[in-house]
Each structure stands twice: as structure tokens, then as C-alpha cells.
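Below is one structure; the comments refer to it alone.
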Protein chains: 2
Amino acid sequence: MRNITLENGFNCPLPINNYDTIQLAHGSGGRLTSELIDEMFVKTFGNEVLNKMEDQASLKLNGNEIVFTTDSFVVDPIFFPGGNIGELAINGTVNDLCMNGATPLYLSVAFILEEGLKISDLFSIVLSMKKAADEAGVKIVTGDTKVVNKGQCDKIYINTSGIGVRNSEVDISASNLKVGDKIIVSGTIADHGMSIMTSREGLSFQNDIMSDTVSLNDLVKSMIETTKNIHAMRDPTRSGVAATLNEFAKQSDVGININAEKIPIKPNVKGACEILGIDPLFVANEGKLIAVVAAEHAENLLQIMRAHRCGKDSEIIGEVVNEHRGVVVKKTILGVEQIVDLPLGEQLPRIC
Amino acid sequence: MRNITLENGFNCPLPINNYDTIQLAHGSGGRLTSELIDEMFVKTFGNEVLNKMEDQASLKLNGNEIVFTTDSFVVDPIFFPGGNIGELAINGTVNDLCMNGATPLYLSVAFILEEGLKISDLFSIVLSMKKAADEAGVKIVTGDTKVVNKGQCDKIYINTSGIGVRNSEVDISASNLKVGDKIIVSGTIADHGMSIMTSREGLSFQNDIMSDTVSLNDLVKSMIETTKNIHAMRDPTRSGVAATLNEFAKQSDVGININAEKIPIKPNVKGACEILGIDPLFVANEGKLIAVVAAEHAENLLQIMRAHRCGKDSEIIGEVVNEHRGVVVKKTILGVEQIVDLPLGEQLPRIC
């Protein structure tokens with residue numbers, strides 16, 4: 001481990017694992033991303049809100065509680081089976097906003113456009129953003145447009161930031177898991193990531209695998225109306241279900257066990273993962289959530305989720321335990337136990 | 001003028017001036033930017049907040065009024081005389097938030113990093129963001145990090161979005177100019193843009209010209225404490241004072257006259273503009289504001305501005321008139337009148 005010292009005498013806090021430069025893995029959602037965020041960004045910018053490391057900041061403004069989040073989208077390709085970068089940008093930020101039970105209301109949209117981008121492609125993207133915003137019931141209220149020279153961006157990058165109103169009846173946080181809680185996933189996993197991967201690789205089954213991109217705020221609303229005992233909730237995007245469960249286990253200092261056979265996955269997605277040698281637990285989702293709920297409310301919540309168009313394949317996939325704190329363990333059908341660790345990087349950059 | 005029709009039958013609303021693809025000028029803050037924003041983004045996303053076309057959205061949340069804004073920064077070079085992309089990103093968003101009198105409180109930061117960016121450069125940028133945020137009295141509360149392959153970004157792009165609390169005692173809007181109002185600029189113009197241009201061109205006087213990047217919220221606070229009769233306020237960034245005054249004239253349907261000899265400009269900046277053949281009115285500023293104020297309060301406000309560290313070179317540069325509505329006219333020292341139109345594009349992309 002080395003430290004970098006700047007000319008002004010500041011020591012770079014990043015235990016950069018011998019990297020002097022940014023690696024693709026720093027953006028993968030894996031261990032290098034965590035290191036960069038924890039050791040450089042949070043240590044430098046740190047304050048009581050940021051330090052909580054939720055997907056959305058909860059803020060008090062004149063007595064009101066609001067939530068605030070930001071996400072930049074750099075997905076490649078910009079059009080993929082099941083969606084495009086525009087609706088992904090709307091749905092992704094809506095989902096970050098609602099994962100603590102808040103109601104998403106307003107979004108900003110900031111475009112970075114590459115010189116030479118087809119205006120018809122931009123317009124297609126803009127139209128699907130409008131459609132996604134309408135479906136989620138949010139308004140786009142402010143924006144920004146930058147254009148960079150050809151070769152300084154890849155067609156289009158979109159930042160969406162968002163504001164919502166917090167629901168004071170619930171207390172949902174990655175730090176709130178309790179031993180005995182059940183872990184529910186709202187449907188089949190790995191659809192988005194495998195749609196991107198197979199369409200990028202040009203594999204023949206690419207058209208069969210569709211991204212799951214969708215806004216989950218209406219599903220969350222139904223869930224909260226059912227029970228106020230949801231302890232944690234997050235959408236497992238970069239580095240997938242594995243990353244989210246690891247964050248939960250570490251932030252709440254509990255163990256998590258999951259049953260491999262209970263994890264919902266479409267046969268074609270499973271097949272593609274096997275061909276490409278990828279564990280679907282590490283693959284990004286863009287229309288799924290993981291909820292951690294008190295055991296006595298789990299079955300009821302599961303039925304409500306299954307009755308919703310965005311949760312029909314929901315399953316209870318595991319539980320929170322008192323053993324192996326901070327660690328996620330998967331039990332296979334043969335009874336074998338495997339540690340599900342955070343990967344160093346992801347299989348592929350620019351998944352969202 | 002042609003229209004583009006998409007496969008789904010939608011007609012592209014952009015009168016694209018015979019461009020099928022995005023041009024650098026679409027991001028310059030000039031006429032092509034206005035066209036893209038007005039005809040595509042606002043027409044598609046339109047709602048009562050967005051349609052106002054202010055630099056910040058004013059939103060009601062449970063009875064509270066908040067402001068919300070977003071800006072992506074793609075400046076080249078990332079380090080320039082007087083600043084770097086990080087402090088620019090903080091100051092720019094703070095300035096957008098406070099230009100209607102609001103108090104900026106919270107920022108989000110989203111990084112797009114190019115593979116190969118030096119970690120020491122990133123850390124320098126992060127440290128100056130922290131310093132700029134502290135100086136402006138705002139907190140960075142949420143963030144995002146993406147990494148793209150080498151050649152798909154130019155080192156680093158930063159989006160900052162921000163939230164503030166609106167001041168209900170003032171009503172500041174680009175639509176509120178009244179005939180007879182005085183126009184004040186808070187200091188020398190064109191410093192930021194000429195710092196970027198000369199450092200990019202490698203001109204020998206580059207070290208003499210420093211960017212003016214700074215947060216103006218404290219200056220705005222002093223101004224509002226002095227008078228509630230500020231009608232409009234904006235920071236003249238892309239396409240400079242010319243773009244801001246044109247926006248004011250059009251949105252308020254009034255004429256604007258400015259006196260060329262009253263416009264403050266540093267001698268070295270003026271010299272560089274002359275050598276490069278650039279009109280400083282069209283050059284970006286990152287630490288200046290233009291305020292439009294009722295005539296009877298102008299002199300008092302000017303003195304307050306000059307007493308503030310961020311406004312010591314403030315000048316009354318013109319007034320709002322009943323003639324030539326929607327048009328900005330500059331009178332030179334020889335009595336010649338020139339129309340100051342919005343440029344089609346700017347001299348140079350990636351100025352902020």
C-alpha cells in the first residue's frame with residue numbers, strides 16, 4: 001500500500017492498491033468503487049448525511065423532510081433490448097429516491113452530448129424519458145446541456161438528480177437489518193445486465209433477454225401501505241444482488257444467508273450467464289428491489305408484491321442471521337455453503 | 001427547414017437548420033442551444049416549472065418553497081489559471097441556486113471518470129470542491145461515480161445538482177424587468193472564458209489571466225438585505241453578458257441599452273480579446289452576476305456591492321427601455337449603436 005502526496009502536502013487517503021490511475025473497476029460498484037468512495041469522497045466531503053451512505057440523502061428543510069439523489073448514466077449501447085439510456089436515467093433515479101419509502105416528485109436532467117450524435121436518436125431518447133417520467137408520476141423541472149467534441153464522450157451521457165418527500169411513518173435504512181428478518185427480491189434477477197452484455201457481445205440470443213428497467217415507486221407505495229415494518233430496501237443495480245446484500249450485512253453488522261434455489265431467474269438469462277461464465281448474483285438489475293422485512297410480515301408482504309405488475313415474480317430468498325457478521329452466505333441445493341463476496345470490479349463497465 | 005420523423009411516427013420538433021447531428025454549437029449557450037432546449041427539451045418535458053426557463057426551478061413541497069438546479073461541467077483543461085473543474089462545479093451550481101435570492105444548502109456530486117485519470121489529479125479536484133463548498137456554506141450530501149473506458153470522456157466530467165430554500169420576500173425572475181430599471185454587473189467581465197481560451201491556446205500571457213470562479217451567494221445575501229427591489233439576476237456564464245441580457249430582454253419583452261464604456265474589463269483580458277478577435281460580451285464568466293434593479297435603488301445597491309469582496313468592481317452598465325423590445329443595444333463611446341445579438345455558437349466548446 002502506498003500513499004500519494006500532493007504538492008500542497010495533502011496525503012491522498014486512498015490505499016490505492018498500487019494504482020496511480022483510475023481503473024475501470026473503480027466504477028463497477030465492487031470493492032475498488034467502495035474504496036474510492038469511502039476513502040476519498042466520503043472522508044473529504046464527509047458530513048452526517050453523506051456518511052450514512054444511503055442511495056438517497058434525507059434532508060431537513062424548514063421542518064420538512066425531503067430526499068435527494070443523483071445518478072449519471074453512461075450505458076453502452078444507448079439503445080438495448082427492453083429500453084434505452086433515457087428511460088434508464090429516469091427509472092434509476094426514481095428508484096433511488098423511493099427506496100427509503102419516499103415519494104419521488106421532481107427530476108433534473110443534464111445531458112452531455114457528443115458532437116455527431118444523431119438528432120433523431122436524441123429525440124427518441126427524450127421521448128422515452130418523458131414517457132418514463134409520466135409513468136412514474138414525476139416532473140422534469142430543470143436541466144442542462146453540454147456538447148463535447150467527437151471522441152470525448154460516447155454518444156450521450158445523462159445525469160438525473162431527483163427530489164422526493166420522505167415518508168415519516170417508516171424508517172428504512174441499510175443500517176436497520178435485524179436478526180430474523182426475511183429478505184425478499186421483487187422478481188427475476190440479472191435481466192438488465194445480461195441484456196446489455198449479450199447485446200454488446202452480439203450473441204445470438206440477445207433479443208430474447210430484455211432489460212427490466214422500470215420505476216418501482218408504485219410497488220414501494222403498495223408495500224408501505226401493507227406494512228411499516230420494512231427495515232431496509234435497495235435496488236440492486238451495479239454488481240447486483242451480491243453488492244446490495246454485502247452493503248446491508250456490513251452496514252447493519254449482521255450475517256445474511258440466502259438460498260440459491262429460491263432466487264428467481266429467467267431460463268434464458270440463466271443460460272446466458274452459464275455460457276458467459278457469470279454469476280447472476282453479481283449482474284445489474286434496473287427494475288428490481290430487495291426488501292428486508294420483519295419475519296412475521298414477510299408472507300403478507302410477498303403476496304402484495306406478487307399482486308403488483310412490478311413484483312409478480314417476488315420470492316423470499318433468505319434471512320438475516322446472528323452468525324458470520326458482515327458476510328453473505330449462499331446455500332446451494334446440495335447444501336454447500338459459499339461466501340458471496342463483493343467482486344473487485346464488475347464483469348463489464350458502462351452497464352448503467 | 002426540415003423535420004425528422006422517427007419510426008414511431010413522431011416528428012422531431014427541432015427546426016434543425018439542416019443539421020442531422022449534434023454540433024458543438026448546440027452546447028455553446030448561443031442560438032442553437034436555445035433551439036435545442038426550447039424546441040426539443042421544453043416542448044417534450046414541458047410543465048409550468050420548466051417552462052419558466054430560469055436557471056433554477058422553484059418548487060413547492062408541503063408548503064415550503066425550495067429551489068433546485070443541475071449543471072454538468074466538462075471544462076477543458078481541468079486545471080486552469082485561477083481554478084479547476086471541481087471548484088467550478090461547486091461555485092457554478094451555488095450561483096445558479098442563489099440567483100433568485102434563494103439560500104443554497106445542499107449539493108450532489110456525480111463524477112464521470114476516464115480510465116487512466118491520475119488519482120492525484122482527482123484528489124486535488126476533490127479537495128478544492130470541499131474548500132469551495134465550505135466557503136459557500138453548502139454540504140455535499142449525495143453522489144455517484146461512473147468510470148468509462150479511455151477515450152470515452154476527457155479525464156473527468158462532473159455534475160453538481162443543488163437544493164436551496166427560496167426567499168419569499170423577493171420576486172426575482174428573468175421575466176420581471178421593468179422599463180427604467182438599471183442594469184448592474186458585479187465586476188470585470190470575460191475573466192473565466194479568457195483564462196480557459198488563453199491557457200488552451202498556450203498563449204504567453206496565459207498566466208496573467210485568472211478565472212473568476214467563486215460562489216456569489218454571500219454577495220447576493222448582502223444585496224437582498226439592502227433592497228427587495230431586485231427584479232432579475234443571473235450569472236452570465238456560457239455566451240457571457242450578451243446571452244444573459246438577450247434572455248432578459250426576450251423573457252420580459254423589453255429593450256436593453258448598455259454603455260460600452262461602462263463595462264468593467266481588466267486590461268489584460270481586453271488585450272487578449274483584441275488579439276484573438278473576440279467580443280468580451282460573449283465570453284463566459286464564473287464569478288459575476290448581472291442584477292436588474294429599480295432605478296431609485298440602483299446607486300445604493302451599487303455601493304453595497306462594491307463593499308463586498310465579490311463585487312468591488314461593480315458598475316451600472318445600462319438600463320431597461322421601452323424601445324426595441326427583445327433586443328439589446330450597445331452604445332459605443334463614439335455614439336455608435338450596435339445590436340448585441342445571441343451568437344449562433346460560442347467561440348469555443350467546453351468552457352465550463
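The table below gives the values:
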| quantity | calculated |
| --- | --- |
| Given (1) surrounded by 20 or more Cβ atoms within 10 Å (Cβ to Cβ); (2) closer than 28 Å to A:Ser195 by Cα; (3) touching a Leu at 6+ places or on another chain (Cβ under 6 Å), number of the condition A:His231 does not satisfy | (2) |
| Residue in segment B:114-122 that is surrounded by 24 or more Cβ atoms within 10 Å (Cβ to Cβ) and in contact with a Ser or Thr (Cβ under 7 Å, 6 or more places away or on another chain) present | no |
| Selected residue (only one of B:Phe80, B:Phe111 is away from every other protein chain (no Cβ under 12 Å) and touching a residue at least 40 places away in the same chain (Cβ under 8 Å)) | B:Phe80 |
| Pick from segment A:146-202, criterion under 22 Å from A:Ala232 (Cβ atoms) and of a type in the set (Ser, Thr, Tyr), ranking: surrounded by the most Cβ atoms within 10 Å (Cβ to Cβ) | A:Ser186 |
| Criterion (part of a loop (DSSP other than H, G, I, E, B), among the aliphatic types (A, V, I, L, M) and in the same structural domain as B:Ala307 (by TED's automatic domain parsing)) met by exactly one of B:Ile172, B:Ile189 | B:Ile189 |
| Out of A:Gly101, A:Gly92, A:Gly116, sole residue that is at the interface with chain B (Cβ under 7 Å from one of its Cβ atoms) and not hydroxyl-bearing (Ser, Thr, Tyr) | A:Gly116 |
| Selection within segment B:13-38 - at pLDDT below 65 and either surrounded by 15 or more Cβ atoms within 10 Å (Cβ to Cβ) or of a type in the set (Gly, Ala, Ser) (or both) | B:Pro13, B:Leu14, B:Ile16 |
| Hits in segment B:100-119 - residues which are small (Gly, Ala, Ser) and either within 21 Å of the chain's Cα centre (by Cα) or more than 25 Å from A:Phe73 (Cα to Cα) (or both) | B:Gly101, B:Ala102, B:Ser108, B:Ala110 |
| Pairs, first in contact (Cβ under 8 Å) with a residue 12 or more places away in the chain in segment A:325-339, second in a loop (DSSP other than H, G, I, E, B) and aliphatic (A, V, I, L, M), C-beta under 8 Å, six or more apart | A:Arg325/A:Val254; A:Gly326/A:Val254; A:Val328/A:Val340; A:Val329/A:Val340; A:Lys330/A:Val340; A:Ile339/A:Val327 |
| Scope segment A:140-161; condition of a type in the set (Lys, Arg) and within 7 Å of chain B (Cβ to nearest Cβ); matching residues | A:Lys146 |
| Subset of segment B:19-36 [in a helix (DSSP H, G or I), more than 7 Å from every other protein chain (Cβ to nearest Cβ) and in contact (Cβ under 8 Å) with a residue 60 or more places away in the chain] | B:Ala25, B:Arg31, B:Leu32, B:Ser34 |
| Filter result (surrounded by fewer than 22 Cβ atoms within 10 Å (Cβ to Cβ) and more than 9 Å from chain B (Cβ to nearest Cβ)) within segment A:126-139 | A:Ser128, A:Lys131, A:Asp134, A:Glu135, A:Gly137 |
| Some residue of segment A:318-333 being farther than 21 Å from A:Thr237 by Cα, modelled with pLDDT under 95 and over 24 Å from the mean Cα position of the chain (by Cα) | yes |
| So B:Ile140, is it assigned to a strand (DSSP E or B) and free of Cβ contacts under 8 Å to residues at least 60 places away in the same chain | yes |
| Any hit, segment A:203-216, residues being in contact with a strand residue (DSSP E or B) (Cβ under 7 Å, 6 or more places away or on another chain) and either farther than 26 Å from B:Gly92 by Cα or away from every other protein chain (no Cβ under 14 Å) (or both) | yes |
| Pair list, Cβ under 6 Å, 6 or more apart: segment B:37-55 residue more than 7 Å from chain A (Cβ to nearest Cβ) and closer than 20 Å to B:Gly162 by Cβ, other residue of a type outside the set (Asp, Glu) and buried (at least 18 other Cβ atoms within 10 Å of the Cβ) | B:Asp55/B:Met99 |
| Helices (runs of 4 or more DSSP H) enclosed by segment A:200-302 - at least 3 residues per element that are over 25 Å from A:Asn51 (Cα atoms) and not assigned by TED's automatic domain parsing to the domain that holds A:Gly92 | A:217-226, A:267-276 |
| Test: B:Leu97 is in contact (Cβ under 8 Å) with a residue 60 or more places away in the chain and outside the structural domain of B:Lys139 (by TED's automatic domain parsing) | no |
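Residues checked against (1) under 19 Å from B:Val340 (Cβ atoms); (2) touching a helix residue (DSSP H, G or I) at 6+ places or on another chain (Cβ under 9 Å); (3) aliphatic (A, V, I, L, M):
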site: B:Asp218; (1), (2), (3): no, yes, no
site: B:His231; (1), (2), (3): no, yes, no
site: B:Thr237; (1), (2), (3): yes, yes, no
site: B:Val241; (1), (2), (3): yes, yes, yes
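The values are calculated or read from the model by the stated rules, or taken from the named source; none is laboratory data. This structure is a prediction, so every number in the text was calculated from the model and none was measured. Virtual Cβ from ideal backbone geometry, glycine too; neighbours counted across all protein chains shown.
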